[in-house]
Structures are given as C-alpha cells and as structure tokens.
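Next up is a structure, given as structure tokens.
The values are calculated or read from the model by the stated rules, or taken from the named source; none is laboratory data. Just so it is clear, the model here is predicted, and its values are computed rather than measured. We place every Cβ from the backbone using ideal geometry, glycine too, and count neighbours over all the protein chains shown.
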Amino acid sequence: MHRQSLVIGTGAVADAVATGLAAQGWSVRRHGSATSADLSGDEELLAFVAPDSAADPASAFENICLAPARLVEAMAARLSPPVSDDTGELRASGQAVFILAQTALVPGLGPDGSYGAQDALLGWLRGAALSLAPQMRLNAVACTPAAPADLTQFLAWLLSAHVVTGQVLSLGTQPRLETPWRGAAQRNPAGVTD
C-alpha cells in the first residue's frame with residue numbers, strides 16, 4: 001500500500017517534489033493552490049511549495065499562510081494517534097513540509113507580500129509544531145528554485161528523520177544572505193581582515 005501525499009504548488013520545484021516523492025514510493029496527488037485544495041482523508045504528508053510571487057499582500061497571506069495552516073489543522077484532526085517504535089519513541093502519523101523561497105529568511109528581499117506571508121507562516125509553524133507533536137511533524141525549508149535535485153535528496157532525509165519537527169532549514173549552494181542581525185560587522189566585530 002502506497003503512502004498518500006498531497007503536493008500543493010506549481011512550477012519546477014513542485015514538479016521536483018512530486019517526482020521525488022513518487023520515486024520514494026509515495027502516492028502523489030497534486031493541487032495548484034492551497035486556497036482551493038482539499039484533503040482526501042488518507043494523506044500522511046502535505047508538501048506545500050510557496051508561490052514565487054504574489055500580486056498583493058492579502059492574497060499572499062491567504063495563499064502562503066492561512067490556507068496551508070487550515071489544511072494542516074484539518075489533516076491533524078484526521079490522523080491516527082502516534083505509535084511507539086521498538087525503542088519506545090513515539091512516531092508521528094503525519095507530517096507537513098513547507099518549501100519556501102530562499103528570500104523567506106531575509107527581510108526585504110522577497111516580493112512585496114510574499115515575504116510577510118512566509119514570515120507569518122514560519123511564526124505559525126513554530127507554535128503549531130509544538131502543539132501538534134508527536135502526532136504530526138511540521139518543518140520548513142528555504143531553497144533556491146535552481147536546486148530541485150538537492151531538494152528531493154533533502155526531502156528523502158527529512159521524511160525519514162522521525163523526530164525532526166519545528167525546523168526551518170536552508171538549502172542551496174549560494175552563500176547565506178546578509179541580514180540586519182547577521183551582518184559583516186557582527187561576524188567580525190573587531191574589523192579583522194585577511
């Protein structure tokens with residue numbers, strides 16, 4: 001019996017996620033938007049790929065934060081209780097992975113509306129991961145659209161790491177972006193040069 005998943009999103013990253021999950025033995029159902037997606041009742045995995053951009057902040061907030069949160073809460077209500085493995089560790093019966101733009105982790109670099117919506121989603125994720133554990137695991141990864149092959153390998157690891165929840169991870173080969181709280185002066189307060 002195949003494990004059921006729902007992949008929400010469009011574009012190369014969503015295609016890579018769906019292909020990678022199918023290669024790992026998941027039965028994959030696709031939907032283009034979280035606002036109109038529905039659950040079949042059998043999903044064990046919800047993979048949400050944030051849209052590249054949003055026309056306005058209100059639609060971005062609905063599409064990137066509110067609708068996915070509602071789907072996760074509906075999925076959690078349908079899941080069976082967590083089960084203990086042979087070590088006594090409770091294993092989640094479902095999980096959600098949010099795949100965001102690399103710019104989601106850096107204020108001001110994303111499209112208007114999208115950054116704020118992704119930031120709100122990450123804030124919700126931190127609290128929801130605690131309240132839904134151990135029944136359901138929630139994680140997010142920020143990646144570049146050019147790294148879908150890396151993403152499928154990363155998802156294979158993340159889906160098998162049974163105790164990882166509430167994490168916001170960054171994936172990609174580009175250097176970490178500067179932020180106001182992690183700028184060059186903070187990494188090198190004495191001004192030492194090579």
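Got at least one residue in segment 50-61 being touching a helix residue (DSSP H, G or I) at 6+ places or on another chain (Cβ under 8 Å), closer than 18 Å to Ala128 by Cβ, in a helix (DSSP H, G or I) and touching a residue at least 40 places away in the same chain (Cβ under 8 Å)?
Looking through segment 50-61, at least one residue is touching a helix residue (DSSP H, G or I) at 6+ places or on another chain (Cβ under 8 Å), closer than 18 Å to Ala128 by Cβ, in a helix (DSSP H, G or I) and touching a residue at least 40 places away in the same chain (Cβ under 8 Å).
Moving on to the next point. Which of the residues belonging to segment 125-143 are of a type in the set (A, V, I, L, M) and either under 15 Å from Cys65 (Cα atoms) or crowded, with 20+ Cβ neighbours inside 10 Å (or both)? I'd like the intermediate steps shown before the answer.
Step one: list which residues in segment 125-143 are of a type in the set (A, V, I, L, M), which gives 125, 128-130, 132-133, 136, 138, 140-142.
Answer for segment 125-143, where residues must be of a type in the set (A, V, I, L, M) and either under 15 Å from Cys65 (Cα atoms) or crowded, with 20+ Cβ neighbours inside 10 Å (or both): Leu125, Ala128, Ala129, Leu132, Met136, Leu138, Ala140, Val141, Ala142.
Return a yes/no flag: does segment 70-78 have any residue that is touching a residue at least 12 places away in the same chain (Cβ under 8 Å), at negative phi, not hydroxyl-bearing (Ser, Thr, Tyr) and not in a helix (DSSP H, G or I).
no
Of the residues that make up segment 12-29, is at least one of a type in the set (D, E, K, R) and over 23 Å from Ser160 (Cβ atoms)? So that I can check it myself, show each step before the final result.
We begin by selecting, within segment 12-29, every residue of a type in the set (D, E, K, R); these are 15, 29.
Now narrow it down to the ones that are over 23 Å from Ser160 (Cβ atoms): none.
Checked segment 12-29: no residue is of a type in the set (D, E, K, R) and over 23 Å from Ser160 (Cβ atoms).
Please verify whether segment 95-105 includes one or more residues that are surrounded by 20 or more Cβ atoms within 10 Å (Cβ to Cβ), modelled with pLDDT under 90, in a loop (DSSP other than H, G, I, E, B) and within 16 Å of the chain's Cα centre (by Cα).
Checked segment 95-105: no residue is surrounded by 20 or more Cβ atoms within 10 Å (Cβ to Cβ), modelled with pLDDT under 90, in a loop (DSSP other than H, G, I, E, B) and within 16 Å of the chain's Cα centre (by Cα).
Next up: Inside segment 85-94, can you point out the residues that are in a strand (DSSP E or B) and either in contact with a Leu (Cβ under 6 Å, 6 or more places away or on another chain) or within 16 Å of Ser131 (Cβ to Cβ) (or both)?
First, the residues of segment 85-94 that are in a strand (DSSP E or B): 90-91, 94.
Within segment 85-94, Leu90, Gly94 meet the criteria.
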